[in-house]
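Note sheet for the following structure.
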Amino acid sequence: MSTESLSSFPETQGRKADHLRVCLEQDVQCQTVTTGFERYRFTHCCLPEVNAEDIDLSTTFLHKPLGAPILISSMTGGTERARTLNLRLAEVTQHYGLAMGVGSQRVAVENPTVMDTFAIRKAAPNGLLFANLGAVQLNYGYGFDECRRAIDGLEADGLILHLNPLQEQVQSGGDTQFKGLLDKIAVLCDRLPVPVIAKEVGNGISAPMANRLLAAGVAAIDVAGAGGTSWALVEGGRARDPRQRRLGQTFADWGLPTADCVAAVRAAVPQVPLIASGGIRNGLEVGKAIALGADLVGLAHPFLKAADDSPEALHLFTELLLEELRTVLFCTGASAIADLRDAGRLQRLP
């Protein structure tokens with residue numbers, strides 16, 4: 001990695017602190033675009049022929065068993081506040097048998113002294129944990145060694161490579177050299193000892209792009225569609241340059257709605273391990289995402305807000321989320337997660 005990359009550590013750490021502050025203190029949710037889940041409705045079953053306490057929320061993802069198909073999506077790291085939040089989230093991951101991804105570990109690759117703010121394996125020894133780096137960094141000196149460092153620092157089961165062209169374009173001094181990335185991703189997928197997951201950050205992955213990523217060797221897709229946190233607004237909210245602030249406002253609602261991405265990618269690639277994230281806020285929407293074809297469903301902002309409040313609030317939110325999902329299954333006559341995909345359970349509204 002270049003000296004230039006190393007020297008950017010203080011700026012990177014400050015940006016991570018800004019991201020956390022803006023997400024918790026400002027309204028950075030998409031303004032007009034929605035996730036698209038409101039266009040779908042479950043068919044109510046008045047005689048479920050199943051006992052609620054017998055409903056099984058367990059599943060597997062990338063061959064690892066989970067207590068429920070929930071991913072605490074990538075959010076934060078690199079600061080003391082982030083360390084506290086990550087440990088709280090990891091404890092919940094372990095307790096309920098969930099999956100978790102950390103925020104971008106670029107800050108820790110640049111300065112290993114903050115890698116322990118991501119080191120959550122001790123709190124989630126059995127959790128499905130994903131390391132995380134920006135794919136664009138492969139065009140800025142990163143390669144196998146940096147990715148391996150992120151994986152090892154977390155003792156991760158997989159590596160998320162996030163794709164964020166809009167965020168980088170809006171970000172003051174963002175990294176916008178995206179040319180040639182697909183070939184570099186393919187090289188990594190071939191060399192790394194863990195599966196690679198391609199993830200957007202809130203603007204969506206289309207079916208054609210999912211096919212290209214899978215052909216390059218990516219093991220799973222996280223569509224991370226539009227309708228939730230707008231990283232254009234986040235970057236605009238922390239920008240000092242009025243031009244960047246204007247860009248953030250103009251492109252606040254850019255992207256492909258999450259529900260559309262899930263349905264399209266599942267139809268195009270029936271066997272792909274598929275994560276739905278982007279604006280999902282409750283167990284009913286988790287159920288809809290699964291019925292549309294997701295194997296795992298990621299939530300970020302609701303978990304972040306609850307974790308920032310208190311460990312008790314985080315447990316309460318998680319239990320409510322699982323109970324909402326269980327209610328979806330019960331009131332559609334489904335006894336297990338896979339049953340939600342049966343024809344006729346979810347209807348698209350006219």
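The values are calculated or read from the model by the stated rules, or taken from the named source; none is laboratory data. Remember, it's a predicted structure, so these values are computed and weren't measured experimentally. Glycine gets a Cβ as well: all are built from the backbone with ideal geometry, and neighbour counts include every protein chain shown.
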>> Which count do you get for residues in the range 238-265 that are buried (at least 21 other Cβ atoms within 10 Å of the Cβ), part of a loop (DSSP other than H, G, I, E, B) and either modelled with pLDDT of 95 or more or of a type in the set (S, T, N, Q) (or both)?
In response: 2
>> I'm trying to understand the selection: among the residues of the range 100-111, which are more than 20 Å from T229 (Cβ to Cβ) and either without any contact (Cβ under 8 Å) to a residue 40 or more places away in the chain or not in a helix (DSSP H, G or I) (or both)?
In response: N111
>> I need the full set of residues from the range 280-298 which are surrounded by 24 or more Cβ atoms within 10 Å (Cβ to Cβ) and either among the β-branched types (V, I, T) or under 23 Å from L87 (Cα atoms) (or both), in order please.
In response: I280, V286, I290, L296, V297, G298
>> Just the residues that are outside any helix (DSSP H, G or I) and either surrounded by fewer than 24 Cβ atoms within 10 Å (Cβ to Cβ) or modelled with pLDDT under 95 (or both), please, taken from the range 266-278.
In response: V269, P270, Q271, V272, P273
> What are the pairs, 6+ residues apart or on separate chains, where a residue within the range 188-214 that is touching a residue at least 40 places away in the same chain (Cβ under 8 Å) and more than 17 Å from L71 (Cα to Cα) has its Cβ under 8 Å from a residue that is among the aromatic types (F, W, Y) and part of a strand (DSSP E or B)?
Replying inline: none
>> Pairs please, first residue from the range 126-144 and under 17 Å from V218 (Cα atoms) and at pLDDT below 95, second anywhere and part of a loop (DSSP other than H, G, I, E, B) and not aliphatic (A, V, I, L, M), Cβ atoms under 7 Å, 6+ apart in sequence or on different chains.
In response: none
> For the range 286-323, which residues satisfy the criterion of being under 21 Å from S74 (Cβ atoms) and either of a type in the set (D, E) or not in a helix (DSSP H, G or I) (or both)?
Replying inline: A294, D295, L296, V297, G298, L299, A300, D308, D309
>> Within the range 184-195, does at least one residue satisfy the condition of being surrounded by fewer than 18 Cβ atoms within 10 Å (Cβ to Cβ), on the phi < 0 side of the Ramachandran plot, β-branched (V, I, T) and in contact with a strand residue (DSSP E or B) (Cβ under 7 Å, 6 or more places away or on another chain)?
In response: yes
>> Looking only at the range 67-99, how many residues end up being assigned to a helix (DSSP H, G or I) and either surrounded by 23 or more Cβ atoms within 10 Å (Cβ to Cβ) or not hydroxyl-bearing (S, T, Y) (or both)?
In response: 15
